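The values are calculated or read from the model by the stated rules, or taken from the named source; none is laboratory data. Values in this document were obtained by computation on a predicted structure and should not be read as measured data. Because the Cβ atoms are built from the backbone with ideal geometry, glycine has one as well, and the counts that use them run over all protein chains shown. What goes into the accessible areas is simple: the full protein's heavy atoms, side chains included, and nothing from ligands, DNA or RNA. Shrake-Rupley method; radii C 1.70, N 1.55, O 1.52, S 1.80 Å.
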Amino acid sequence: MTYYGKCIEMVIEQLDRFKPGKDNPELFLEAASTSLQALSSQKQAFVLEVLSGCLEYRKLLTVVVDAFYVRDGRLCLWADYNRFQVICYLAMFLLEELGFQLFCNIIKSQPAVKMHKFLGFFFNPLNLCSWIKDEWSLIYETAHVKENWIDPLMRWQPEVQELINQLEGVSASQTSLSKTKAKVTEPKEFNLTAPRPRAIPVPEPVPVVAKPRPVPQSTYQLPKEQQLLEMVKRYNRRKAEELLLQANMEELRCAMPRSRGEPPVQDSQKKPRLRFPPRIQKTPKLTLYKPDNIPVKLNTAAILREGALYQRQVEKELQRVDKLVDGAGDFSEFLEWQKKMLAKDREEQAAADECRRLQGKLSHEEAVLARQQLMWENRQKAEQQKEETAELMLQCAERRLQEDRSRKELVEQVMEGQKNVKVAQTKLVKGRRQIVQEVIEESRELLQRSAEATKEEQRRRCELVSQLRALEALPTRKGKLVDLTQIPGYGLEGEMSVVELRERLALLKETQQREEEEKRDQIIQGKRAKSQELQNTVEQISLCRAAMGRSAALRSVSGRGRVAL
């Protein structure tokens, strides 16, 4: 047991050193194999096999261990994360190879409480056949997961359950021993001094509050405007009640329904007898605003709106008549067509759902193939990178040799240059003297040229001054002659004389006046046409209103005749 316990501890120690984001698994395994060379061959092979398997199937193991920490292992330490990964790998891949007895020895070499919790969670049939299977199926194919991992774990479940029961007894005995060994603390009272009794506080004087002002009576009264409105409402209501009572008292005979066998009632008997005649209180007369029956003057928008309304009504009536003439009114064919189209839409929806499901399966298979292809490409890239690194190392070695050779040649050249320093110095002195003589000669020539140029410039200035003085001595004209027909001649596009400019402006004014007159005539004609159109619409509205009034009168007369009958 101690042998396998040490091997598991070595694997856990190596996994603790591994960093998924930075370390390469292959390079990490090579470094681990070099560090484990001091162990025996059998021990080294077991440790490397378990370590490589944990790194290869890290995704499967993290699914189980993360879920264990979320559900049953909330009180477990995160330092045991890799321990649970190793136990999960042994149960999934090496249980049949090691044998159940050897697996039990490995489990018993670990802490009993932790192993009892983890094995009870991992070998639970509900967990294995439900969410663990689903999560593993997202990484590998479902058939492969069920055949290689779920079914073997379910076959070993009874034996593992006995092991879990044994671990439960061991953990219970360990907890009972720890409880018996622990000393029970006995609480003791603190030796505190007794507090002094509190003194009775002196009562504070009650502050005298100033008497508040009384609430004004106007707060509880309605404003005058609201009272006036209430009086107007009461007056109007009483007036309406009087009119209603008068209408009921003077009701016509034709408005009173009676049965067929009942004789007609006389007017004296028809009047209702009221027990309590209505009491109408006298109220002060109020000056109410009664508008006269003044005809409303419609504006342009109202006329057009009403004309459009009557036009729409006429169009709707014509459309309805056309539809009735064409035989509209049977919706059975439309309902049958609607049912057929709904059934067709349902079939298309079902086909689309099936297509999406098949596409999902295809995308899953493509993802698995792409993952395998990516792993193969990564391996090829790693091999290619190793070859490139080897070539780069060779190139660096060759470059270093070339640099050493160049440095030796440079040293030899420097030694030869030191020998020829004196000769070069003499040549340099001679060259500098020759350059100085040439510069002196060139400066003399430049001075001579500059003196000649200044003399020529002075002579030209004297001539210009004499010419300016001669021009000043000539008589000048005070008046300035301006030719309005002459073009300035500045070289610009569209240059013209003042006379041409005036003519063009006059033509522009004439054309502008002509355009304004034409626009004015168009506006006047438009107003006349609009007024004529409004007049036509008003006549049409009046005709429609007269027709509607006649139809309403006919309907009322026919209704009265029916009531009389």
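Structure summary
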{"item": "Stretch gain in nm, segment ASP322-GLN434, where the contour uses 0.36 nm per residue and the Cα spacing is subtracted", "result": "28.3 nm"}
{"item": "Cα-based shape type of the range 38-191, given that a ≥ b ≥ c are square roots of the gyration tensor eigenvalues and the cut on a/c is 1.5", "result": "prolate"}
{"item": "Cβ-based net charge around ASP521, under 14 Å, with every Lys or Arg adding one and every Asp or Glu removing one", "result": "+1"}
{"item": "Extended-chain gain in nm, criterion 0.36 nm per residue less alpha-carbon gap, LYS211 and ASN420", "result": "63.0 nm"}
{"item": "Residues with amide H under 5 Å from that of LEU39, placed H, sequence gap 5 or more", "result": "none"}
{"item": "Segment SER130-ALA38, length gained on full extension (0.36 nm per residue, minus Cα span)", "result": "28.7 nm"}
{"item": "Residues GLN372 and GLN349, FRET efficiency given R0 of 45 Å [Cβ-Cβ distance, rounded to 0.05]", "result": "0.80"}
{"item": "Calculated from backbone phi, Karplus (6.51, -1.76, 1.60) coupling profile of the range 79-88 in Hz, x at Gly/Pro", "result": "5, 8, 4, 5, 4, 5, 5, 5, 5, 5"}
{"item": "With all protein chains modelled, accessible area of ASP483 [1.4 Å, Å²]", "result": "90 Å²"}
{"item": "Segments 7-16, 24-33 sorted - mean Cβ within 10 Å per residue, highest first", "result": "7-16, 24-33"}
{"item": "Share of carbon and sulfur in the accessible heavy-atom surface of the range 1-174 [1.4 Å probe, %]", "result": "54 percent"}
{"item": "Given LYS22/LYS43; LYS22/LYS133; LYS386/LYS408; LYS19/LYS59; LYS6/LYS133; LYS146/LYS361, the pairs whose alpha carbons are separated by over 24 Å", "result": "LYS22/LYS43; LYS22/LYS133; LYS386/LYS408; LYS6/LYS133"}
{"item": "From phi via Karplus (6.51, -1.76, 1.60), per-residue ³J(HN,Hα) for the range 200-216 in Hz, x at Gly/Pro", "result": "6, x, 6, x, 7, x, 6, x, 8, 9, 5, 6, x, 6, x, 5, x"}
